[in-house]
Every structure is written in structure tokens, then in C-alpha cells.
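What follows is one structure encoded as C-alpha cells, with my remarks underneath.
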Ligand SMILES: [Cu+2]
């Protein structure tokens, strides 16, 4: 009888294990920040591609997004791009989570 109970327990454990494993990815996804996060950063304009609608910034770390300092491209509206010059230091708002991050506002650093 003891042996039979032990076997039954093992069977139940085996049946329960896959369900527990299947829940892990859902929990991990729920822990991730939602798409479309916004943050503020500072950086220097490295290059401008007005036709392509992008600006390359050498930006300082942005802890809110978990980004170290780096040089990278951002999308930006033509009206924003028109205000920028290569070598200019700027403070900016960035929205990311929908492909290429986008500069949504430029402020004085
Ligand atoms: Cu970056």
C-alpha cells in the first residue's frame, strides 16, 4: 500500500510538472516592461540624415531604458531634425518599443 501511494504521487508529480513549466514563459513575459516606453536622455548629434528621417546621436547612458552610452540612430520628425546641427549637445525625449527608437522632443541640455 505504501509503495502504491508512492507510485501514485510520482504519477501526479509528473502530470503537474509540465503545467508548471508551461507557466514560466508567461510569467517572464508579464515581467517585461510594456512596449512604447519613453525616457529622457542627453547626447551629441553625430550625423543627420534628413532624407531618411533619422539622426545619429552619441548618447549618454539612459538608465530608464537600461541603455549604456552608445552611438545609434533615432527616428525624428522633419521639424525636429531641422533644429539640429552636427556636434550639437541636446537633451531629448525618446520613445522606444516600436522598431527604431524615436526622438519625440528636443530640449536644451
Ligand atoms: Cu543607444
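Here's a check for you: in segment 81-105, which residue that is more than 15 Å from residue 58 (Cβ to Cβ) and outside any loop (DSSP other than H, G, I, E, B) is nearest to the ligand (Cβ to nearest atom)? Even if it seems obvious, please write down each step before you answer.
First pass over segment 81-105, keeping only residues more than 15 Å from residue 58 (Cβ to Cβ): 81-83, 93, 95-100, 102, 104-105.
Going one step further and asking which of them are outside any loop (DSSP other than H, G, I, E, B), we end up with 81, 93, 95-96, 102, 104-105.
Working: 81: 18, 93: 14, 95: 13, 96: 9, 102: 13, 104: 15, 105: 17 Å.
Ranking the candidates gives 96 first.
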TODO: Mind listing just one residue for me: the one in segment 55-100 that is in contact with a helix residue (DSSP H, G or I) (Cβ under 8 Å, 6 or more places away or on another chain) and at pLDDT 95 or above and, of those, farthest from residue 39 (Cα to Cα)?
DONE: 55
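Going by the conditions given, is residue 85 loosely packed, with under 15 Cβ neighbours inside 10 Å and touching a residue at least 24 places away in the same chain (Cβ under 8 Å)?
yes
The values are calculated or read from the model by the stated rules, or taken from the named source; none is laboratory data. It should be emphasised that the depicted structure is a prediction, and the values quoted were computed from it without experimental measurement. Glycine also receives a Cβ, built like all others from the backbone with ideal geometry; neighbour counts cover every protein chain displayed.
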